[in-house]
Amino acid sequence: MISFDREQQIFHLQTEHSSYLIGIFAGKCLLHIHYGRRVEHCADMFAMMDKPAESRYDWNPKCMELGEQFALCEQTLELPTFGDGDYRSPGFHGEYADGSTVSKLYYTGHRIFAGKQALGELPSAYTEAGDQTVTLEITLADQLTGLRAYLYYTVYPAWDIITRSVRYENGGTAPILLKKVDSAVVDFDRMNFDFVHFYGTWARERQMERRPLFYGDQSVDSSRGASSHTQNPFVCLSAREATEDFGEVYGLNLIYSGNFHAGAYVDTFGKTRLYIGINSFDFSWKLDCGESFQTPEAILAYSHSGFAALSHRMHSFVHKRICRGQFRDIRRPVLINNWEATYFDFDEEKLVKLAEKAASVGVELMVLDDGWFGHRDDDRSSLGDWYEHRGRLPGGLEPLVERIHALGMKFGLWVEPEMISEDSELYRAHPDWCIHTAGRRCSEGRHQLVLDLSRPEVCDYLIEILSRLFSRVSVEYIKWDMNRNMTEVCSAALPPDRQREVAHRYMIGLYRVLGTLKQRFPHILMEGCAGGGGRFDLGMLCYFDQIWLSDDTDAVERQYIQTGSSYGYPFSVMGAHVSACPNHQTGRVTPFHTRGYAAMPGQFGYELDLDKLTEGELEEVRQQIRLYKELAPVFHDGTFYRICSPETDWKTVWEFVSPDRKTVVVEIFTVQAQAAAPMERFCLKGLQPDALYTDRLTGRQYWGDVLMHIGLMRARKQDYDGEMLILEQTAAGAKR
Ligand code: DGJ
């Protein structure tokens, strides 16, 4: 899977369908040769690839150590630095004690080993026995400054995934200022690609945008202290003509939850540099002598057969090698959350009433959301005071939990530990524990401030206080919320020359808090949340079993959000609930069954006052829960296909095929009805062509090849209508 051709000086990393080739030029410089479709032959690669060592333009400065005619800006590079002739966005930029910013990181050695190592304080993808993962570590060094870079590449053959990260070590005699430390850079000799990214805002996360590359830099980023609602670290580079089932597509993601950037830089020669890493804007890190700095890990996926195959690779990798712990492979309980049912207006009796009704229709977990602590009657106070609101829960949480358990339900609790209200005991005791800039008034978001998790003692305090809470109260689920982004980013605990480290140190602190709690309480199911999907990323998924996808529970808008999210993430990590109508975010009224179908493929639950439902609707809830329990393995372990997209069509069609291809669930949503609408055809995918599939509802039978190549017919029905088709295989290999 990873080989080194000593004579050619070429590393060859191979997954089942892709090859990644790196060459050592002149014994020093790492050139990037190829990332894309798998090749078997790499002898004479430099010659065959027509890689010129001779510059073709007088104008381009030559890097004399590498040859009098060698211009870095004409090459595809593996770890591009700055200062000796490459003018593209560098993968590394640093400043040395003498004020210089020139780095020359040259090859000094490498090792190849089975498996993969952990990344110190940062979360990373893991391996399991049988994965056949192999890691390549290449060491580069700058003789003048003593800086060393360790490049890590881990190959997951069956997933067609390669992970990359870099560790920098200061082996010199003076501190080095790290200013740009990308996790992965991939150079291409062409620019005929589209850049695909997922933008949004609160309640409208991960809308797909696809546009052709242009000369210059096109990038997305976050400087909010969280990966954010506004952009997601998952981006793609696709062939201009790529579709769901055709063409080359590269996917890039970062196992990180803080400030990031990801982009494609097209230079004057039409070469493209794809990059991802910690956002270099407003970042620096002082690396003292002997210290090292580990970048977050990047995930690289490649498909030569369109977006669907790329998504399938990401889905199973995220599900099986990012997500972890005892909930990974089991069906999670169907929950009811009281937030949209009561907001802050609840007491013990009201909660128990909601739970009783929920238990009677088959709900398995009751989640108590915001407002149970301190004196939190609205969102102006008490974050930080993680003890019961005695006005609402006079006996504390224990009697409530007992009553919930007596109903045969599990109990879950909302917390927002990273935040602090000015009106809180915690703030009064530790006013300097929030992120703030001395002399400047703190901006407030939702009337709250951000705790300074770059300070180890603040993290220790959180671990301690939450451990006590989770030990005292018998919770089986935690919703971990985070409802504002950072501003005035400085820490009272760091010297001036380390202030630009705060946002990254915060992430390291947060990961320690989450990792310790996860280790101490492995039986607690954890759902991440950041005002919905404001931190929906691979870093969080190393700790949270699932993430509340969006505060927008409208069944129509959810089709866009879930479709957009599905490019890089599986449904098994998306929290999705049925809520009341008119919808609280959009005011839209959608049929109850549509709301059920839209939420069902995710981690399913309800978030409404069940007392307001009619008997008929309650019966629907019972049926939805029964169906969900049966179909969850198809949604979460099966293969997902985007058949029709709400972006480009009047309908959304999602298809889920069970791992044995015997059960197929098709969901068809009419986004907008039309008068005199024609019947339109769409084809299913991933079926067994020679198998007969029976529609569970109508008894109609279809051959697999007919469903895949001729398809089904539907017309626009009425606005927002939803339909679920369950097709079951009745005969495989039967003769027609
Ligand atoms: C934002 C979350 O996304 C909501 O689901 C809810 O938990 C509120 N916070 C509570 O304040």
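The values are calculated or read from the model by the stated rules, or taken from the named source; none is laboratory data. The model shown is predicted, which means the values in this text are computed figures rather than measured ones. Here Cβ is always computed from backbone atoms with ideal geometry, including for glycine, and neighbour counts include all displayed protein chains.
Looking at Arg392, is it in contact (Cβ under 8 Å) with a residue 40 or more places away in the chain, in contact with an Asp or Glu (Cβ under 7 Å, 6 or more places away or on another chain), within 16 Å of the ligand (Cβ to nearest atom) and in the same structural domain as Asp481 (by TED's automatic domain parsing)? Can you show your working first?
Details: in contact (Cβ under 8 Å) with a residue 40 or more places away in the chain: yes; in contact with an Asp or Glu (Cβ under 7 Å, 6 or more places away or on another chain): yes; within 16 Å of the ligand (Cβ to nearest atom): yes; in the same structural domain as Asp481 (by TED's automatic domain parsing): yes.
Taking the combined requirement at face value, the residue satisfies it.
Residue pairs whose Cβ atoms lie under 6 Å apart, sitting 6 or more positions apart in sequence or on different chains, and linking a residue in segment 511-536 that is without any contact (Cβ under 8 Å) to a residue 60 or more places away in the chain to a partner that is part of a loop (DSSP other than H, G, I, E, B) and within 10 Å of the ligand (Cβ to nearest atom), are Cys529/Asp481.
In segment 303-324, the condition of being hydroxyl-bearing (Ser, Thr, Tyr) and assigned to a loop (DSSP other than H, G, I, E, B) is met by no residue. Taken over segment 337-357, the residue count meeting the criterion of being within 16 Å of the ligand (Cβ to nearest atom) and surrounded by 16 or more Cβ atoms within 10 Å (Cβ to Cβ) is 9.
Screening Trp433 on (1) within 14 Å of the ligand (Cβ to nearest atom); (2) within 20 Å of Asn485 (Cβ to Cβ); (3) touching a helix residue (DSSP H, G or I) at 6+ places or on another chain (Cβ under 7 Å) shows it passes everything except condition (1).
If you check Gly445, Gly515 for being assigned by TED's automatic domain parsing to the domain that holds Arg380 and away from the ligand (no atom under 16 Å from the Cβ), only one passes: Gly515.
Per-residue answers, yes or no, for (1) closer than 25 Å to Phe269 by Cα; (2) touching a Leu at 6+ places or on another chain (Cβ under 6 Å); (3) in contact (Cβ under 8 Å) with a residue 24 or more places away in the chain; (4) loosely packed, with under 15 Cβ neighbours inside 10 Å:
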position	(1), (2), (3), (4)
Ile33	yes, yes, yes, no
Glu54	yes, no, no, yes
Glu74	yes, no, yes, no
Glu95	no, yes, yes, no
Val102	yes, no, no, yes
Leu119	no, no, yes, no
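Per-residue answers, yes or no, for (1) outside the structural domain of Leu77 (by TED's automatic domain parsing); (2) assigned to a loop (DSSP other than H, G, I, E, B); (3) in contact (Cβ under 8 Å) with a residue 12 or more places away in the chain; (4) closer than 20 Å to Ile322 by Cα:
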site	(1), (2), (3), (4)
Met208	no, no, yes, no
Arg224	no, yes, yes, no
Glu241	no, yes, no, no
Asp245	no, yes, yes, no
Ser257	no, yes, yes, yes
Tyr265	no, no, yes, no
Thr268	no, yes, yes, no
Leu274	no, no, yes, no
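Per-residue answers, yes or no, for (1) of a type outside the set (Val, Ile, Thr); (2) outside any loop (DSSP other than H, G, I, E, B):
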{"site": "Phe635", "(1), (2)": "yes, yes"}
{"site": "Phe640", "(1), (2)": "yes, yes"}
{"site": "Ile643", "(1), (2)": "no, yes"}
{"site": "Phe669", "(1), (2)": "yes, yes"}
{"site": "Ala677", "(1), (2)": "yes, no"}
{"site": "Lys685", "(1), (2)": "yes, no"}
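What residue, among those in segment 543-566 that are buried (at least 24 other Cβ atoms within 10 Å of the Cβ) and assigned to a loop (DSSP other than H, G, I, E, B), is farthest from the ligand (Cβ to nearest atom)? Within segment 543-566, the match that is farthest from the ligand (Cβ to nearest atom) is Asp545. Against the numbered list (1) closer than 16 Å to Arg204 by Cα; (2) free of Cβ contacts under 8 Å to residues at least 12 places away in the same chain, Pro582 comes up short only at (1).
Say we look at segment 605-623 and pick out the residues that are away from the ligand (no atom under 16 Å from the Cβ) and not in a helix (DSSP H, G or I); which of these is farthest from Glu349 (Cα to Cα)? Give the derivation first.
Kept after step one, since they are away from the ligand (no atom under 16 Å from the Cβ), are these residues of segment 605-623: 610-623.
Next cut, not in a helix (DSSP H, G or I) only: 613-614.
On the way: Leu613: 19, Thr614: 21 Å.
Checked segment 605-623; the qualifying residue farthest from Glu349 (Cα to Cα) is Thr614.
Of all residues in segment 529-540, none satisfies being in contact with a Leu (Cβ under 8 Å, 6 or more places away or on another chain) and farther than 21 Å from Asn259 by Cβ. Within segment 322-336, the set of residues being in contact with a Phe, Trp or Tyr (Cβ under 6 Å, 6 or more places away or on another chain) and more than 16 Å from the ligand (Cβ to nearest atom) comprises just one member, Val334. Got at least one residue in segment 626-645 being over 28 Å from Phe344 (Cα atoms) and of a type in the set (S, T, N, Q)? Yes, the conditions are met somewhere in segment 626-645. Filtering segment 370-386 to residues that are of a type in the set (Gly, Ala, Ser), more than 12 Å from the ligand (Cβ to nearest atom) and assigned to a loop (DSSP other than H, G, I, E, B) leaves Gly374, Gly384.
Does segment 480-492 include one or more residues that are within 16 Å of the ligand (Cβ to nearest atom), modelled with pLDDT of 95 or more and either of a type in the set (Asp, Glu) or not in a loop (DSSP other than H, G, I, E, B) (or both)? Write out each step before concluding.
Pass one, segment 480-492, residues within 16 Å of the ligand (Cβ to nearest atom): 480-485.
With modelled with pLDDT of 95 or more added as a condition, the list becomes 480-485.
Then drop every residue that is not either of a type in the set (Asp, Glu) or not in a loop (DSSP other than H, G, I, E, B) (or both), which leaves 480-481.
Looking for residues that are within 16 Å of the ligand (Cβ to nearest atom), modelled with pLDDT of 95 or more and either of a type in the set (Asp, Glu) or not in a loop (DSSP other than H, G, I, E, B) (or both), one finds at least one in segment 480-492, hence yes.
Can you name every residue in segment 469-520 that is surrounded by 19 or more Cβ atoms within 10 Å (Cβ to Cβ), acidic (Asp, Glu) and within 25 Å of Thr295 (Cβ to Cβ)? Within segment 469-520, just Glu501 meets the criteria. In segment 704-718, the qualifying residues are those that are among the charged types (D, E, K, R) and modelled with pLDDT under 95, and the one that is farthest from Thr594 (Cα to Cα) is Arg714. In the condition set (1) within 19 Å of Pro233 (Cβ to Cβ); (2) of a type outside the set (Val, Ile, Thr); (3) more than 16 Å from the ligand (Cβ to nearest atom), Glu501 is compliant with all but (1).
For the residues Val363, Val367, the requirement of being part of a strand (DSSP E or B), surrounded by 21 or more Cβ atoms within 10 Å (Cβ to Cβ) and either aromatic (Phe, Trp, Tyr) or assigned by TED's automatic domain parsing to the domain that holds Ala429 (or both) singles out Val367. When residues in segment 534-550 are screened for being more than 16 Å from Leu122 (Cβ to Cβ) and of a type in the set (Lys, Arg), 0 of them pass. Given the criteria in contact (Cβ under 8 Å) with a residue 12 or more places away in the chain and in a strand (DSSP E or B), does Asp194 qualify? Yes: the conditions hold for Asp194.
I'd like to know if segment 501-517 contains one or more residues that are of a type in the set (Lys, Arg) and farther than 17 Å from Pro296 by Cα.
Initially, segment 501-517 is screened for residues of a type in the set (Lys, Arg), giving 505, 512.
Checking the rest, the ones that are also farther than 17 Å from Pro296 by Cα come to none.
No, segment 501-517 contains no residue that is of a type in the set (Lys, Arg) and farther than 17 Å from Pro296 by Cα.
Within segment 56-72, the residues that satisfy the criterion of being in contact (Cβ under 8 Å) with a residue 24 or more places away in the chain and surrounded by fewer than 21 Cβ atoms within 10 Å (Cβ to Cβ) are Asn60, Pro61, Glu65, Gly67.
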